[in-house]
1. Please list, ordered by first then second residue, the pairs with beta carbon atoms under 7 Å, 6 or more apart or interchain, first in segment B:82-94 and assigned by TED's automatic domain parsing to the domain that holds residue B:57, second of a type in the set (Gly, Ala, Ser) and not in a helix (DSSP H, G or I).
2. Restricting attention to segment A:51-79, and to residues there that are among the small types (Gly, Ala, Ser) and within 12 Å of chain B (Cβ to nearest Cβ), which single residue is surrounded by the most Cβ atoms within 10 Å (Cβ to Cβ)?
3. Considering only segment B:139-176, state which residues are open to solvent by 60 Å² or more (accessible area, probe 1.4 Å), acidic (Asp, Glu) and at pLDDT 75 or above.
4. State which residue is most open to solvent (accessible area, probe 1.4 Å) when the search covers only segment B:372-422 and only residues that are over 24 Å from residue B:321 (Cβ atoms) and in a loop (DSSP other than H, G, I, E, B).
5. Pick from segment A:98-132 the residues that are within 7 Å of chain B (Cβ to nearest Cβ) and open to solvent by less than 20 Å² (accessible area, probe 1.4 Å): which of them is nearest to the chain's Cα centre (by Cα)?
6. Are there any helices (runs of 4 or more DSSP H) wholly within segment A:111-217 with 2 or more residues that are of a type in the set (D, E, K, R) and assigned by TED's automatic domain parsing to the domain that holds residue A:236, and if so which?
7. Restricting the search to segment A:81-97, which residues are more than 8 Å from every other protein chain (Cβ to nearest Cβ) and either surrounded by fewer than 22 Cβ atoms within 10 Å (Cβ to Cβ) or assigned to a loop (DSSP other than H, G, I, E, B) (or both)?
8. In segment A:130-145, what residues are of a type in the set (A, V, I, L, M) and without any contact (Cβ under 8 Å) to a residue 40 or more places away in the chain?
Amino acid sequence: MTDFVQPLLDVTDLGYTYPKATAPAVEGLNLTVSGGEVLGLLGPNGAGKTTAVSVISTLLPPQRGKITVIGMDLSTSQNKARAVIGLAPQEIALYGSLTARENLSYFGSLYGMKGSELADRVERRLSHVGLSERADERVDTYSGGMKRRTNLAAALVHDPRLILLDEPTVGVDAQSRRLIMELIGELRAGGAGIIYTTHYMEEAHSLCDRIAVMDDGRKIVEGTPSELMAAHPGCASLEELFISLTGQGLRD
Amino acid sequence: MNGFLSTLAKELKIMSRDRAGLAVLFAMPICLVLIVTMVQDNVMKITGATVARAIFVDQDGGEAARLLRELLDEQDSIETAHELEGKPPTLETAREAVAAGEFLFGVAVVEGTSEKLSRRADELAGSAFSAGSQGGADGAAQDTPQADMAEFVVFFDPASQGALRTSVISALNQAALGIEIEFKTKALSANFQSGLSAIISEQLGEEALAGAGELPSFHWSKDKIAGVRTDELVFVKPSSVQQNVPSWALFGMFFIVVPLSGAIVRERHDGMLRRIIAAPAPTVVVLGGKLAAYSMVAFFQFCVMVLIGIFILPLLGPDGLEIGPSPLAIVLIALAASLAASSYGMLVGSVAKSYEQASVFGAVSVVMAAAIGGVMIPSYAMPPGIRSISHFSPLNWGLEAFLDLFMRGSVTENVYVGGALLISMTILCTLLSWIWLVRNRG
């Protein structure tokens, strides 16, 4: 008898080509993410990571293939699936003239929360990212690290099961980076499935349970960090492995 | 509903914290309406479309000057001054004051005018009674009077317009005719009995005159028996205030396009829109909340402009704005215009590729729509070609409706059509921006 555990996210043969583009941004991508797992999505600029995240988060419609989130097919149950997905975009997607609390309350309200439930969740997330004391200050007065942490908290306010983090540690100091890493660890321990895109190889090595490397819209390799290193014995680090897989040519 | 209300609250918070932006949004139309109204009010003064200030010079001190002064004082459209710096003006000081622009025109009754008028009227009256064999077919006296013709002198501000000059000269001619009739009837009355006596004694002899007893006297009533009544088709007198307040209020409301389109471009570029679209709340509901928030601000702008028209403009010279008998219709058209302006701003923000593109295109398109829509120059004064395209301007839809409500005081077809077009525009722009944003959401 097979013990079948349904993955949180199942992506099969995903394809997406932008209008007027000559080549697909994502082609034949297969991914799975289970609860309590962090999948690192690595690749040079233009590899298709952000496009893949955009399609999974329902921002872009899949042109080919199938995506299910907790068994819900995105092509038929998009709105239900949205309720369990949390997206932290690459940009600081926050209103600078609002406070962190106001930002989180607003984005939380778009997930149907209100009143004391919303206030409690906002307070909890602010506490998780270490911003409780400055929660009522305008975001445009924050440092880069504080903005990043607020950006992450806004993705988590509705307690999503599948979390999509698009380069969440860009431009932050060591202290904020550590806090974000710890928070991701807690989310994993809580059973969330996480897709994590980054250019920081050490970060991916230490945080991710599995790593998928993309280039030219395709997944070129996938496995646990130790599996990948074992399969490429000539590479002393994940960064060397990454360069050997994707080449040394500049991409942008 | 949650997404609608939270977006509405969020947008109002953001706008309330952008005090400089709000100040510009309100200060710009307020300055425009104050400046343009006062400038146009002055233009209307020098063209005679409103009360004109005049200086009256009395060098005569007689009956003619008194009568002319009374006639001028009776004119609602003329405000006559009789002193300069507390002294009666001379012809020279009055000319200087008018040339300096203190008055639009001056009227002088020169020394001896009453005397000349009396003398000439007496001559005419005398010749009328000696005309038994000398009268013409119409009975008019044929003698040429010996006295010089009396004249009133008028002098104008060089900046005054032809229409004003024509109407003042016409009014003075009418006044001169009234004075002439007054002098003539007095002279006729004074000469009636003696003239009649002379005719009877000349024609019938002294005996007949002696036997005639008391001769009839001549009384002439001053009561007017004919006049002109103006049957106004407008509920208030057309004024720069009634025209400019709704016009520039609409212009200011449509300028909400600039901050709104800029806000949407920022949301697209900074990723907030991606968060919004990735959430379960329907994007069109979120856009509805945004539309409602900006429409509330635009409507508030309109209310501020109307209050300025009612309470501030009268303090600066022009008449106050009159709302008329259809305030509800005015509110509904203002709401429709607020929604149309905001929805247009959403569309511009959705389509524009950059903040600069949105702000420049938004501002220029509103200025063009205002120009062809009749905000700057009334559409009836435009060449036929431009007038025909003015009907495509949303500002024209709102303006035509407002002018009917503010000037004619009635809910006309323009009001219904304008309101319907503005609401249709709101629906169309909102749907287009929703489709555009969702299709280009990645």
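The values are calculated or read from the model by the stated rules, or taken from the named source; none is laboratory data. Predicted model only: the values in this text are computed from it and were never measured. When we count neighbours, we look across all protein chains shown, and the Cβ atoms used for this are built from the backbone with ideal geometry, even at glycine. To get the accessible areas, we keep the full protein, side chains included, count just its heavy atoms, and leave off ligands, DNA and RNA. Shrake-Rupley method; radii C 1.70, N 1.55, O 1.52, S 1.80 Å.
1. Sorted first by the residue in segment B:82-94, then by its partner, the pairs are B:91/B:108; B:94/B:106; B:94/B:108.
2. A:52
3. Of everything in segment B:139-176, just one residue is open to solvent by 60 Å² or more (accessible area, probe 1.4 Å), acidic (Asp, Glu) and at pLDDT 75 or above, namely B:151.
4. Ranking the candidates gives B:392 first.
5. Result: A:107.
6. Values: elements: A:115-128, A:144-156, A:174-189, A:201-207.
The qualifying helices (runs of 4 or more DSSP H) are A:174-189, A:201-207.
7. If the condition is that a residue be more than 8 Å from every other protein chain (Cβ to nearest Cβ) and either surrounded by fewer than 22 Cβ atoms within 10 Å (Cβ to Cβ) or assigned to a loop (DSSP other than H, G, I, E, B) (or both), then A:84, A:96 are the ones that fit.
8. Answer for segment A:130-145, where residues must be of a type in the set (A, V, I, L, M) and without any contact (Cβ under 8 Å) to a residue 40 or more places away in the chain: A:131, A:135.
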